[in-house]
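Right, one structure below, let's go through it.
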Amino acid sequence: MKRVLIVDDARFMRFSLRGMLEKNGFQVVGEAANGVEAIEKYLECQPDLVTMDITMPGVSGIEALKAIKVLDLQAKVVIISALGQESFVREAVVYGAKSFIVKPFKEKQVIKTLNQVLAMCG
């Protein structure tokens, strides 16, 4: 079972993602509401994959992504954000994000993307 860390400042979004993932055979090993928590939880939970929002209070998703990639070059992070502008997509990919999903999303799209990232990256 693939282990996932969900990072989003919106509780309802974490709840929604958790439901989708668990229904589709993923194990949610942790949740974080900001970038600082994301880094701490990544170290604590050692997930196979991270879903990461970009805009969060304090440390942004991009900053948390950078920090996680320093800790673990093999980290698999998928950005899930309402900010669909190309500059954010490019920045996230430059810093090591494996994929980008724009909110609002469909369950099928999320599961397909996460499975593709996990298959592509081992």
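FYI, it's all coordinate maths here, none of it is from the lab. Just so it is clear, the model here is predicted, and its values are computed rather than measured. Glycine gets a Cβ as well: all are built from the backbone with ideal geometry, and neighbour counts include every protein chain shown.
Some observations on this one:
- With K and R counted +1 and D and E -1, the other residues having a Cβ less than 9 Å from that of Pro47 yield a net charge of +3.
- Relative contact order, percent, region 2-120 [alpha-carbon distance under 8 Å, six or more residues apart]: 23
- At R0 = 30 Å, FRET efficiency that the Cβ-Cβ distance of Val93 and Glu44 yields, to 0.05: 0.70
- Reach of Lys23 by Cα under 16 Å, taken over aspartates and glutamates that are not fewer than 8 positions away in the same chain: Glu107
- By the helix-only formula, in which each DSSP H run with n ≥ 4 contributes -39500 (n - 2.57) and the sum is divided by residues, the chain has a 222 nm mean residue ellipticity of -14500 deg cm²/dmol.
- Dipole magnitude (debye, nearest 20) for the chain, charges at Cβ of Lys, Arg, Asp, Glu: 460
- Each residue of region 10-27 was assigned a 3J(HN,Hα) from its phi angle through the Karplus expression (A = 6.51, B = -1.76, C = 1.60, θ = phi - 60°), giving 8, 4, 5, 6, 4, 4, 4, 5, 4, x, 4, 5, 5, 5, 10, x, 9, 10 Hz with x at Gly and Pro.
- Net length gained if the chain between Val70 and Val102 were fully extended (0.36 nm per residue, minus Cα distance): 9.0 nm
- Region 2-120: Rg to Rh, with Rh as the Kirkwood radius over Cα pairs: 0.91
- Tensor-based shape of region 1-60 (alpha-carbon gyration tensor, a/c under 1.5 rounded, otherwise prolate or oblate): oblate
- Size-normalised alpha-carbon gyration radius of region 42-101, reference 2.2 N^0.38 Å: 1.02
- Per-residue ³J(HN,Hα) for region 33-40, Karplus 6.51 cos²θ - 1.76 cosθ + 1.60, θ = phi - 60°, Hz, x for Gly and Pro: 9, 7, x, 5, 4, 4, 5, 4
- Local electrostatic count at Leu114 - Lys and Arg +1, Asp and Glu -1, tallied over other residues with Cβ under 10 Å: +3
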